[in-house]
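Shown next, in structure tokens, is the structure this report addresses.
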Amino acid sequence: MSLKSSAEHQNMRRLAIVGAGPIGVEFALRALEEGFAVTLYEAKTPGAHVRTWAHVTFFSPWSLNRSARGEATLQAADVELAPDDDFPTGEQYINAYLEPLVDALKRAPNFQLLEHTRVLGVSRMRALKGDLLANPQRARRPFLLRVAGPDGERFDEADVLIDASGVLDNPNHLGPGGLAAIGEEALNGEVIRAIPDVEAQHDALAGKRVLVVGHGHSAATTLGALTELREHAPQTHITWAYRAEGEPFAEIEGDTLPQRLRLSRLGNAIARGEVSGVDPVSGVFVERITRADDGLHVELADAQGQKHEIEVDRIIANVGYHPDTSLTRELQVHLCYASDGPMKLAASLLASAGNADCLAQSSAGPEVLKNPEPDFFVLGNKSYGRNPNFLLKIGLEQIDDVMTLLTQKEGDV
Ligand SMILES: Cc1cc2nc3c(=O)[nH]c(=O)nc-3n(C[C@H](O)[C@H](O)[C@H](O)COP(=O)(O)OP(=O)(O)OC[C@H]3O[C@@H](n4cnc5c(N)ncnc54)[C@H](O)[C@@H]3O)c2cc1C
């Protein structure tokens with residue numbers, strides 16, 4: 001039980017963070033400042049999820065993607081900061097910011113990063129999910145983490161638990177109502193469930209018949225890259241299937257994020273049939289995928305059950321992600337029935353759902369981050385559940401909100 005002896009010896013509270021993505025790493029920095037003994041668990045390597053879209057450019061500038069604390073940490077380590085108003089790629093974010101922050105963390109006392117260590121499940125020491133309901137005794141039972149690392153499985157303990165494990169490990173299905181389409185699971189290996197790096201995957205995509213599914217900014221990014229590919233591989237043919245009707249993107253009046261506006265305009269132009277080589281099919285979901293002699297046979301169906309059948313070589317699914325709620329199943333967490341995010345935050349997001357611009361969001365404050373389970377918080381991308389509007393700037397605000405709760409509590413004791 002890794003941290004127990006040293007932290008107990010020094011009378012420090014042990015804080016465990018699941019996931020060394022942007023928010024887990026930033027939270028670790030803040031928690032060390034506040035005097036916690038921090039263990040950061042990472043299933044792969046820090047920034048693993050951002051690395052899957054390393055080639056994609058952020059639509060938010062550096063100024064929104066890094067914290068003042070992170071900037072000061074890098075400046076103290078003589079790491080040069082990119083200009084505030086530049087837009088990094090995922091790779092630049094990792095190389096110029098996240099990795100130097102992790103290096104700084106590694107030099108800090110009372111910190112350990114456990115890479116290639118997956119948290120398999122969490123609970124409370126000697127308390128089942130239904131035990132000690134609304135009872136202050138529950139908070140006195142340490143969290144118990146079942147983890148699998150390079151040396152096998154074991155149990156670790158912590159006094160405070162942060163779940164910042166993101167959602168990218170769990171892509172949504174292609175079929176009706178969020179179910180897998182018929183044949184989708186059997187042909188899972190044939191489906192690209194990310195924004196492809198068109199340059200790196202040139203041979204797999206150039207000159208091929210490609211089906212892109214989804215109508216968010218990820219799908220628009222994929223469509224943008226594929227239309228560029230068509231400029232030198234004009235035989236590439238793209239079908240774009242999505243479940244909305246007509247033009248799916250809100251073009252925000254006076255959008256301060258040029259990359260986002262460009263993508264929205266491109267998506268809507270494709271939807272109007274104005275981009276050659278790309279066939280839009282709106283108001284449909286994927287019903288069935290079967291292997292054909294020469295590729296994949298895909299049946300698209302609309303709400304009236306009308307079928308649209310196509311043959312393609314590749315399917316790219318950009319249909320969003322959902323959180324892994326099994327990780328915290330043994331804790332007292334109240335999840336939203338619609339988003340699978342923690343209920344209070346989900347309700348507050350629902351109340352502000354009319355706002356088309358996710359940039360206009362700000363954190364709804366500490367109260368919405370509380371769970372029935374004391375000293376447990378879901379932060380970062382996972383805190384939004386299936387809601388795709390999470391931005392790093394919100395996650396950075398959440399860190400301060402949670403620390404307000406944790407330090408207030410410390411003062412009360
Ligand atoms: C294509 C794309 C473009 C985006 N562009 C922007 C943008 O322009 N601006 C913006 O603000 N946001 C953007 N986002 C959202 C951005 O990815 C997230 O805001 C950010 O990565 C969330 O950070 P996070 O720390 O919450 O989670 P993640 O980055 O998802 O990190 C979670 C970490 O947890 C680890 N992990 C998962 N499960 C476990 C486990 N059981 N045990 C241990 N470790 C685990 C993972 O390996 C991962 O390293 C974009 C997202 C995508 C996909």
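Eigen-decomposition of the gyration tensor built on the alpha-carbon atoms of region 1-132 gives equivalent ellipsoid semi-axes of 30, 18, 12 angstrom, largest listed first.
Using a Gaussian network model of the chain in which every pair of alpha carbons under 10 angstrom is joined by a spring, one finds that among ARG272, ARG146, ARG66 the greatest mean-square fluctuation is at ARG272. Nearest 500 deg cm²/dmol is fine: what mean residue ellipticity at 222 nm does the chain get from its DSSP H runs of n ≥ 4 alone, each adding -39,500 (n - 2.57), divided by its residue count? About -8000 deg cm²/dmol. Comparing ILE23, ALA127, LEU263 along the charge dipole axis of the chain, the residue lying farthest to the positive side is ALA127, per the Cβ-charge model. Measuring between their Cα centroids, region 164-236 and region 112-144 lie 38 Å from each other. For the chain, the longest principal axis of the C-alpha atoms and the axis of helix 217-232 are separated by about 40°. Accessible area per residue was computed with a 1.4 Å probe on protein heavy atoms; GLU245 scores about 140 Å². For region 167-207, the percent of C-alpha pairs falling in each 5 Å distance bin, counted from 0 to the bin holding the largest distance, reads 5, 19, 23, 21, 17, 13, 3. Taking ALA158, ALA148, ALA72 as the candidate residues, the one with maximal mean-square fluctuation in a Gaussian network model of the chain, Cα springs under 10 Å, is ALA72. Qualifying GluC sites (Glu not before Pro) in region 113-211, where qualification requires a DSSP coil assignment and no more than 15 other C-beta atoms within 10 Å, comprise GLU185, GLU199. Checking the cross-link pairs LYS44/LYS370; LYS344/LYS382; LYS344/LYS370 against a 18 Å limit on the alpha carbon distance flags LYS44/LYS370 as lying beyond it.
Only the Cβ atoms of Lys and Arg (+1) and of Asp and Glu (-1) were treated as charged; on that basis the dipole of region 176-317 about its Cα centre amounts to roughly 140 debye. In nm², what is the average projected area of the convex hull enclosing the Cα atoms of region 176-317? Result: 8.8 nm². Across GLU287, GLU91, GLU33, mean-square fluctuation computed from a Gaussian network of the chain (C-alpha pairs under 10 Å connected) peaks at GLU33. Note on region 280-326: the C-alpha convex hull projects to 4.8 nm² when averaged across all orientations. Heavy-atom accessible area, probed at 1.4 angstrom with all protein chains present, ranks ILE270, ILE195 as ILE195, ILE270, highest first. A Cβ-based charge dipole, computed about the Cα centre of the chain with Lys and Arg at +1 and Asp and Glu at -1, lands at about 1260 debye. Only one residue of GLY224, LEU296, VAL312 has its Cα farthest out toward the positive end of the dipole of region 176-317, where Lys and Arg carry +1 and Asp and Glu -1 on Cβ, and that residue is GLY224. In angstrom, the C-alpha Rg and Dmax of the chain are 22.6, 69.
The values are calculated or read from the model by the stated rules, or taken from the named source; none is laboratory data. No experiment lies behind these values; they were computed from the predicted model shown. Methodologically, a virtual Cβ is constructed for each residue, glycine included, from the backbone with ideal geometry; neighbour enumeration extends over all protein chains shown. Only protein heavy atoms, including side chains, enter the accessible area calculation; ligands, DNA and RNA are left aside. Shrake-Rupley method; radii C 1.70, N 1.55, O 1.52, S 1.80 Å.
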